[in-house]
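A short reminder: the numbers here are calculations on the coordinates, not readings from a lab. Quantities reported herein were computed from a predicted structural model and do not represent experimental measurements. Backbone-built Cβ (ideal geometry, glycine too); neighbour counts: all protein chains shown.
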């Protein structure tokens, strides 16, 4: 006996993912999330939503590019004093 597929409309899929309709369409169009057009409506399988969420999980150590290492305080103070000193000085 086959399992019954749980189909979601686009609004329900958006609610489950916590994204806008535009973002959902982008995921579908880019091939990140499978979807099916049935007549004039687009449907997504609940299991595909679950799989998508699992694939989007962030692995620790992969976001270093989003938070640059802060400069030591002494280096920041040097930059501040250099900016305060005029580049042209009269003799």
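Modelled this way, with points 7 Å down the Cα-to-C-beta line, the labels at residue 63 and residue 5 are 3.4 nm from one another. Annotation for residue 48 and residue 36: the two label points, set 7 Å from Cα along the Cα-Cβ direction, are 0.8 nm apart. When the P(r) of the stretch 1-57 is calculated, the portion above 18 Å amounts to 26% of the C-alpha pairs.
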